[in-house]
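**Student:** Take a look at the following structure, please.
Laboratory data are not the source of any read-out in this text; all were calculated from the coordinates shown. Just so you know, these numbers come straight off a predicted model, no measurement behind them. Note that each Cβ is placed from the backbone with ideal geometry, even for glycine, and that neighbours are counted across all protein chains shown.
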C-alpha cells in the first residue's frame with residue numbers, strides 16, 4: 001500500500017522530523033510503498049537516517065534561496081476569506097505570503113504562496129493510498145484540497161490547547177473533512193473529541209522509539225542530561241536555576257544540555273551568572289544520542305509544555321530515570337511517579353532540584369527506577385507502534401472503499 005508522509009522540511013532537524021522518518025522507515029521495512037514529501041527543502045541531505053526503501057520527494061526546492069520575510073498578521077484560508085480581509089502585499093518576488101495557513105501558525109513565514117500552491121498541486125496529483133500530514137498548516141490544506149480518494153490522516157505533534165485562536169478556528173472549520181486526526185497523548189485526543197465531536201475520527205497513537213536495542217547506563221556516571229531545542233518552551237533556564245542548587249550539595253556532578261537554538265547566548269550568560277562554567281555544559285547537537293544517554297545517571301525534563309517528548313522514551317530506553325516537571329501534556333502519560341521517574345510541580349525549580357538530589361543521593365533507587373524504565377520503553381517499540389498504524393490505515397481504507405479495504409487489510413496486517 002502507498003503511504004505518503006508530508007513534512008514541512010524533511011531535511012531539517014527536530015523531534016517531529018525524526019519521529020516521522022522513524023515511522024516511514026518502519027513501514028518501508030514492513031514492505032509498504034512509502035514516500036516522504038518534503039514540502040520545502042533547504043539542505044542537500046537528511047539529518048536523520050532514511051531507509052533506502054523510502055522515496056524522498058521534494059515539493060518546493062529552496063536550496064540557495066533566502067528564507068522568506070515575516071508575513072503580515074492576517075487570518076488565512078477560508079477564515080480570512082470569510083472575514084473579507086484584503087490580500088497581503090507581496091514583499092518580494094517568490095516570497096508572497098500564502099493565503100491558506102492562518103497567520104498564527106508557528107511556521108507561517110515558511111508558507112509562502114509558492115509553497116502552498118506547490119503542496120496543493122502535489123497532493124492533488126496523488127492517485128491513491130494514505131496521505132499523512134504532520135502540522136496544522138499541512139493538515140488544513142490536506143483537508144481542503146487532497147482528493148477524497150485518498151485516506152487523509154492528520155498527525156498532531158503538539159496539542160490542540162496550545163494553538164492560537166486563528167489556528168484553532170481553522171481546525172474546527174476544516175478538520176472534519178479529514179478521515180482521522182491522530183494525537184500523541186490521551187489528554188490531547190480527549191480535547192479533540194470535545195472540540196470536534198463525531199465530525200471526524202480521533203485516535204491516540206504515540207510516537208515509536210527507533211529501536212529497543214540501545215546501550216544502557218550502569219548508573220555510575222555523575223552526569224545529568226537534558227536535550228532539546230534551546231527555546232523558552234524547553235525551560236532550560238529553569239533547569240539551570242535548579243542545577244545551581246544541586247551543585248551546592250553535589251559539586252562533583254555535571255549537567256550536559258544537548259541541542260541548539262535561539263536561546264544559546266542567554267543560557268551561556270546564565271551559566272556564568274550562576275558560576276556553573278565548570279559544571280553545566282551546552283553540548284550542541286550530536287549524532288548517536290543513545291550513547292550520550294548511556295553515560296548519564298539522570299535525565300532532567302524542564303519543559304514548560306510538551307506534545308510528546310521523545311527524549312523521555314529515549315532516556316527510559318537507556319535505563320535512565322527522569323526527574324520531570326508535570327507539565328502539559330506528555331510526561332504524565334509516560335512517567336509513573338516513583339516507579340520509572342519522578343514528577344515535580346511545573347516550573348518549580350526548587351522542586352526540580354530536590355528531585356534531582358533525591359536520585360543523586362540514592363543510587364539503588366536510581367537503579368530500581370531504571371529497571372522499570374526499560375520495561376516502560378518496550379511498550380513503545382517500533383514494531384508495536386507500526387502495527388497500530390497499520391490497523392488504523394486498514395480500517396480507514398475499508399471504510400472509504402470496502403473492496404480496497406479488504407485488499408488493504410490483507411496487505412497491512414501481519415500474519
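**Student:** Which of 32, 272, 219 has the fewest other C-beta atoms within 10 Å, and how do the rest follow up to the most?
**Tutor:** In order of increasing Cβ crowding within 10 Å: 272, 219, 32.
**Student:** Can you give the calculated 222 nm mean residue ellipticity of the chain, where each DSSP H run of n ≥ 4 adds -39,500 (n - 2.57) and the sum is split over every residue, rounded to the nearest 500 deg cm²/dmol?
**Tutor:** Taking each H run of at least 4 residues, the total per residue is -12000 deg cm²/dmol.
**Student:** Given the options 198, 177, 332, state which has the largest fluctuation in a GNM of the chain using a 10 Å cut-off (strictly under) for Cα springs.
**Tutor:** Among 198, 177, 332, the largest mean-square fluctuation in the Gaussian network model of the chain belongs to 198.
**Student:** Cα-based Rg (one decimal) and Dmax (whole number) for region 276-334, in Å?
**Tutor:** 12.2, 35
**Student:** What is the diffusion coefficient of region 223-378 in µm²/s, taking the Kirkwood radius over Cα pairs and the Stokes-Einstein relation at 20 °C with a viscosity of 1.002 mPa s?
**Tutor:** 142
**Student:** Of the candidates 147, 102, 321, which one comes out as most mobile in a Gaussian network treatment of the chain with C-alpha springs shorter than 10 Å?
**Tutor:** 147
**Student:** Let me ask something else. Take residue 63 and residue 398, extend 7 Å from each Cα along the Cα→Cβ direction, and tell me the distance between the two endpoints in nm.
**Tutor:** It is 4.4 nm.
**Student:** Still on this structure: How do 239, 62 line up, fewest other C-beta atoms within 10 Å first?
**Tutor:** Arranged by neighbour count, lowest to highest, 239, 62 become 62, 239.
**Student:** Express the relative contact order of the chain as a whole percentage, based on alpha carbon pairs under 8 Å and six or more residues apart in sequence.
**Tutor:** That works out to 12 percent.
**Student:** Tell me the volume per residue, in Å³, of the convex hull enclosing the alpha carbons of region 233-309.
**Tutor:** Taking the convex hull of the Cα positions in region 233-309, it is 102 Å³ per residue.
**Student:** Related question: For each of 164, 265, 234, 108, count neighbouring Cβ atoms within 10 Å of the residue's Cβ, then give the residues from fewest to most.
**Tutor:** So the residues, fewest neighbours to most, are 265, 164, 108, 234.
**Student:** To continue, here is another question. Just to verify a number: FRET efficiency for residue 269 and residue 387, C-beta to C-beta distance, R0 = 51 Å, to 0.05?
**Tutor:** For residue 269 and residue 387, the calculated efficiency is 0.60.
**Student:** With the chain treated as a Gaussian network of Cα nodes joined by springs under 10 Å, which of 252, 337, 290 yields the largest mean-square fluctuation?
**Tutor:** Among 252, 337, 290, the largest GNM mean-square fluctuation belongs to 252.
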